[in-house]
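In what follows, a single structure is set out as structure tokens and then discussed.
Just so it is clear, none of the values below were taken in a lab; they were calculated from the coordinates. Only a predicted model underlies this, so the values are computations on that prediction, with no experimental measurement involved. Positions of Cβ are generated from backbone atoms using ideal geometry, with glycine treated the same way; all protein chains shown enter the neighbour counts.
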Amino acid sequence: SVHFNDPKYPQQWHLSPEGSYDLNSNDPDPMPHPDAENGNHHGTRCAGEIAAVPNNSFCAVGVAYGSRIAGIRVLDGPLTDSMEAVAFNTHYQINDIYSCSWGPDDDGKTVDGPHQLGKAALQHGVIAGRRGFGSIFVVASGNGGQHNDNCNYDGYANSIYTVTIGAVDEEGRMPFYAEECASMLAVTFSGGDKMLRSIVTTDWDLQKGTGCTEGHTGTSAAAPLAAGMIALMLQVRPCLTWRDVQHIIVFTATQYEDRRADWTTNEAGFSHSHQHGFGLLNAWRLVNAAKIWTSVPYLASYVSPVLKENKAIPLSPHSLEVLWNVSRTDLEMSGLKTLEHVAVTVSITHPRRGSLELKLFCPSGMMSLIGTPRSMDSDPNGFNDWTFSTVRCWGERAKGIYRLVIRDVGDETLQAGVLRQWQLTLYGSVWSPVDIRDRQRLLESAMSGKYLHDGFTLPCPPGLKIPEENGYTITPNTLKTLVLVGSFTIFWTMYYMLEIYLSQRNVASHRVCRSGPCHWPQRSQKAREEGTELESVPLCNSKDPDGVETESEGPPTTSELLAPDLLDPGAWDLSQDRSTLNCPHRHLAPDLLQGKEEQIC
Amino acid sequence: LAGTHRPGAQGPGGLSWAVHLDSLEDGGPEETLEQQADALARAAGLLNAGRIGELRGYYLLVQPVGQQQGQPAEAVRRQAEAVLAGHEAVRWHSEQRLLKRAKR
């Protein structure tokens, strides 16, 4: 029902007009700086998907075209843990959503994620970011599909603090590059194989190009669309917490027909697929749910003891099974009743890590494939306190027996792996299964859009004023400039002081006193009264009008010495006409020469 | 450079360590932590490049640019590790290594 004059808007098959309804649009595109390999157009493609301005007759339109977009450039150079930590919290009281279309290598053999500082920054972001409602971290699940990679080997994707987004093509299928994982929350559109359309967005390209592309693809293209839809949610309800956003995604993502998706419905009625998460994001459903959403209870958690096993992992078809029973008493302290994320931290030795398969069964029997075999991963170091996670038990009861089943799908030539130890961590809330069902019903009643008009608004607290601790920061360039200016100033000061010293010494050495000791000219009474008297070195001897040279009696006063600026290097130029040098007072205002003597050199 | 942990603060290719300081009393003034970090950096032969983002108590200590030519990296590393590992105010420390991250 909305019309834009942007030429490629009609090609933007992935936009859903009713979900992108916007209240204003007034944002110029942030232009990046060109770099050598012109590599940062990646950011502009993602930015365009989110916030390209409509009706400017340029290129296309962003999902949240009323939002403002900031670029935090961190990939175009050496990247360390501390730099990641800085990036995750940069301007975290201004930026609501951090859309991260990057991560560890998707080569099917890397196991990596945020290190100590990155983890601390993610946690700090959800606690203190966005005025205390929590920064929203959206991450792309990865492009390792061709190496049968799994995003549970990526610590950004399987973190409880991030919204992990996968990709589907325009027919809703998992594209060749996409990864499966049990910690994926939802999917949205991106490019598929050759015959299918990719994402249309802006594409800043210094050397060539039209500023547009119809070829944006990968999970990099899906994450920003999700970020844009989350922005629309925050537009209707800014006080949604980071966990509210995750809940609304779980409650509103839509399951759809895809035989290969292997959908499983859990005890709480949520359907999840390792390929598609809880389903396809739908902006209309997300925004209507956000409009009436009241905040979920605080995050509760339960951590089991470290369970030492030291048990061998048999070759397939056999498997090692270990259990842990979480009793009512265990949960009493935290009040935890229903689940959100379930995490398992394992230490396993094995000569070829890619041969291992790990499955976790929640008390309801819901199975999560948390670690998949990876043919490319021949790492002999196994897993050392690596945390896998799953969202497939979302909304299920927390109490009961959890089963971890590990299989070795490698060949028998290798030495058997050993499960050293494991630890179970449950995250959830005091919501009961009844509360969850009530909320599901409430949301369905809102999908008609009857609450979307402005008349209906739930109270929304403004959030906390959290100062961004960053004091004034001097960038290295500014610092270098200051140092340069400072050195320059010091140098010239030294030069001038030397100059004065030498000139005085020079003058003193040329001074001839014929009649006895040298005396300073009389200090005029008048000058002393007026306070215009200045201490300074006599530049020449004094001579009375009839030409007889006499000695000056004391420090000459201002009126006697107003010579041209003899500190000016040119003034000491020996080739200079002596007359000028000798009679520097010639151009004095006559009234200044009222003294008894006329100063002559 | 205080409070200005910027990636550019450390010389390209220089060694750097992240440290988590035990603030004397929770909520104590930032300056105290800053001074602690300065003193710790001096003791370890490093430069305090400032707090790491918004993480209170976390500081980045970098090898001064001038020193990078002078001393072999291994000697700098040994000295820094010895000081940081043995210092009572250091709750945690970690040498910063390059991470491989790719656009998706």
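Taking a ≥ b ≥ c as the square roots of the Cα gyration tensor eigenvalues, the stretch A:156-299 comes out oblate, since a/c reaches at least 1.5 and a/b does not exceed b/c.
A Förster radius of 45 Å, combined with the Cβ-Cβ distance separating A:Phe456 from B:Ala85, puts the computed FRET efficiency at roughly 0.15.
How large is the convex hull of the C-alpha atoms of the stretch A:236-278 per residue, in Å³?
In the stretch A:236-278, the Cα convex hull volume per residue is 85 Å³.
Note that the stretch A:215-301, at 4 °C in a medium of 1.567 mPa s, gets a Stokes-Einstein diffusion coefficient of 92 µm²/s from its Kirkwood radius over C-alpha pairs. Each principal axis of the Cα atoms in the stretch A:52-179 has its own extent, and those three values, largest first, are 41, 39, 29 angstrom. Treating r as the C-beta distance of A:Ile72 and A:Leu442 and R0 as 45 Å, the FRET efficiency rounds to 0.80.
The value for the stretch A:298-428 of Rg(Cα) / (2.2 N^0.38 Å) is 1.07. Farthest toward the positive end of the dipole of the stretch A:360-472, out of A:Gly463, A:Ala446, A:Gly365, is the Cα of A:Ala446, where the dipole comes from beta carbon charges about the Cα centre.
Quick check: Cα centre of the stretch A:358-425 to Cα centre of the stretch A:304-357, how many Å? Measuring centre to centre over Cα atoms gives 7 Å.
Loop-located GluC sites (Glu not before Pro) in the stretch A:154-240 (DSSP state other than H, G, I, E, B) with a sparse environment of at most 13 neighbouring Cβ atoms within 10 Å: A:Glu171. Taking one quarter of the surface of the C-alpha convex hull of the stretch A:99-165 gives a mean projected area of 4.2 nm². Using the alpha-carbon positions of the stretch A:342-407, Rg (one decimal) and Dmax (whole number) come out as 12.8, 38 Å.
If I take R0 = 45 Å and measure r between the Cβ atoms of A:Glu170 and B:Leu99 in this structure, what FRET efficiency does the formula 1/(1 + (r/R0)^6) give, to the nearest 0.05? Show your work: numbers first, answer last.
Values: r = 34 Å, r/R0 = 0.76.
Efficiency at R0 = 45 Å is approximately 0.85.
A simple spin-label model places pseudo-atoms 7 Å from Cα toward Cβ; at B:Arg77 and A:Asn381 they are separated by 1.4 nm.
By how many nm would the segment from A:Asn506 to A:His3 grow when fully extended, if each residue of separation counts as 0.36 nm and the alpha-carbon distance is taken off?
That pair, A:Asn506 and A:His3, stretches by 172.6 nm at full extension.
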